[in-house]
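The values are calculated or read from the model by the stated rules, or taken from the named source; none is laboratory data. Please read these numbers as outputs of a predicted model, since none were measured by experiment. Heads up, the Cβs are rebuilt from the backbone with ideal geometry, glycines too, and the neighbour counts pull from every protein chain shown. The area values use the complete protein model at the heavy-atom level, side chains included, leaving out ligands, DNA and RNA. Shrake-Rupley method; radii C 1.70, N 1.55, O 1.52, S 1.80 Å.
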Amino acid sequence: MELDALALLVLPVMRITKKTRNNYQGAYTRYLAPNLGDMQIEQITSDDFSNALRGLPSQTAYQALMVGKSLMREAKSRNLISDVVTDRCKAPRISPCSSRFLTWDQLNSIELGKYSEQIKFLALHGLRWGEAVALRQEDIYDGLVHINKSVHGETKSRAGVRVVPYVGHFKKFPKTRKPLAKVLNANGVNIHSLRKTYAYVLKSNSVHVTTAQRLMGHASPMVTLGIYTAVLDDEILSTGKILIDKYMNQVEGSSS
């Protein structure tokens, strides 16, 4: 059996979310099919997979390799091969994404264009893009935004089903993120950065990290903590001023 035939058989029935399935099918079509699609499964080697992934950005290569692993493991479970060659492929090292984001004050001071309300809503409520697009006015009641679905169907995880305090700015989102992304990219950030803005709003208002975890829909508080540890230069300066005012004056007073 050729790899293309296996992919056509397996990918549509994998037990994954619709969004992940679309990502897997896209990764297979773009990165694996051109070089490996017409090869017999039993003849594909780990070097063949490595060569197909060579030169790709690390995150892209990682996703394509995960697709390859899933297909080859499925092939083994169907007794089409005896050796899962992708298990010998070294996963690419993924570099951590930049923590660059805008504070609410910074965001509120720039011209955001036609979709300024939608951008501000994301920054003050922390929804993922898919959750925001699926949101309707009737999902906002009793002072809360009720998040229980995504444009892809289910939320990213069970933790994604949540409520967050509503603080205004809701307007229906466009089907495409492009007009919002264009404005944000021009200011050095992206749509996902707005979740970091929201996290920073929570942190700045002394919201505990475990509460922030619930509000952001993170499955683990460690994910939220990773965002909470972001420190801006002005925080370091203001902390220095606090410590100087509190402790240096005491030292000078005791020495006089």
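Looking across region 189-229, the residues that are β-branched (Val, Ile, Thr), in contact (Cβ under 8 Å) with a residue 60 or more places away in the chain and in a loop (DSSP other than H, G, I, E, B) come down to Val189, Ile191.
Residues satisfying the criterion are absent from region 35-52 (criterion: within 26 Å of the chain's Cα centre (by Cα), loosely packed, with under 14 Cβ neighbours inside 10 Å and either touching a residue at least 12 places away in the same chain (Cβ under 8 Å) or in a helix (DSSP H, G or I) (or both)). Checking each residue in region 157-187 for being open to solvent by 40 Å² or more (accessible area, probe 1.4 Å), among the hydrophobic types (A, V, I, L, M, F, W, C) and in a helix (DSSP H, G or I) picks out only Ala186. Of the residues Glu74, Glu131, Glu154, which is buried (at least 18 other Cβ atoms within 10 Å of the Cβ) and under 20 Å from Gly217 (Cα atoms)? Step by step, each of Glu74, Glu131, Glu154 is checked, and only Glu131 is buried (at least 18 other Cβ atoms within 10 Å of the Cβ) and under 20 Å from Gly217 (Cα atoms).
With the condition kept exactly as written, say whether any residue in region 1-22 is part of a helix (DSSP H, G or I), open to solvent by less than 20 Å² (accessible area, probe 1.4 Å) and not hydrophobic (A, V, I, L, M, F, W, C). No, because not a single residue in region 1-22 is part of a helix (DSSP H, G or I), open to solvent by less than 20 Å² (accessible area, probe 1.4 Å) and not hydrophobic (A, V, I, L, M, F, W, C). All conditions but one from (1) part of a loop (DSSP other than H, G, I, E, B); (2) modelled with pLDDT under 90; (3) open to solvent by 30 Å² or more (accessible area, probe 1.4 Å) apply to Gln59; the one that does not is (1). Within region 70-88, the set of residues being in a helix (DSSP H, G or I), under 18 Å from Glu2 (Cβ atoms) and touching a helix residue (DSSP H, G or I) at 6+ places or on another chain (Cβ under 7 Å) comprises Leu71, Met72, Glu74, Ala75, Val85, Thr86.
Filtering Ser193, Ser204 for residues that are under 30 Å from Lys114 (Cα atoms), at pLDDT 70 or above and exposed (fewer than 14 other Cβ atoms within 10 Å of the Cβ) leaves a single hit, Ser204.
Assess whether Leu32 counts as being in a helix (DSSP H, G or I) and either in contact (Cβ under 8 Å) with a residue 60 or more places away in the chain or over 15 Å from Leu8 (Cβ atoms) (or both). Judged against the criteria, Leu32 is not a match. Answer with yes or no whether Gln118 is within 19 Å of Ala181 (Cβ to Cβ), of a type outside the set (Val, Ile, Thr) and either open to solvent by 70 Å² or more (accessible area, probe 1.4 Å) or part of a loop (DSSP other than H, G, I, E, B) (or both). Against the criterion (within 19 Å of Ala181 (Cβ to Cβ), of a type outside the set (Val, Ile, Thr) and either open to solvent by 70 Å² or more (accessible area, probe 1.4 Å) or part of a loop (DSSP other than H, G, I, E, B) (or both)), Gln118 does not qualify.
Looking only at residues of region 134-150 that are free of Cβ contacts under 8 Å to residues at least 12 places away in the same chain and in a helix (DSSP H, G or I), we find that the one that is surrounded by the most Cβ atoms within 10 Å (Cβ to Cβ) is Asp139.
There is at least one residue in region 215-228 that is at pLDDT below 80 and over 25 Å from Val133 (Cβ atoms).
Yes/no matrix, rows are residues, columns are (1) in contact with a His (Cβ under 6 Å, 6 or more places away or on another chain); (2) small (Gly, Ala, Ser):
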position	(1), (2)
Ala7	no, yes
Lys18	yes, no
Arg21	no, no
Tyr24	no, no
Ala52	no, yes
Gly55	no, yes
Gln63	no, no
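When region 137-171 is filtered for residues that are hydroxyl-bearing (Ser, Thr, Tyr) and touching a helix residue (DSSP H, G or I) at 6+ places or on another chain (Cβ under 8 Å), the ones remaining, listed by number, are Ser150, Thr155, Tyr166.
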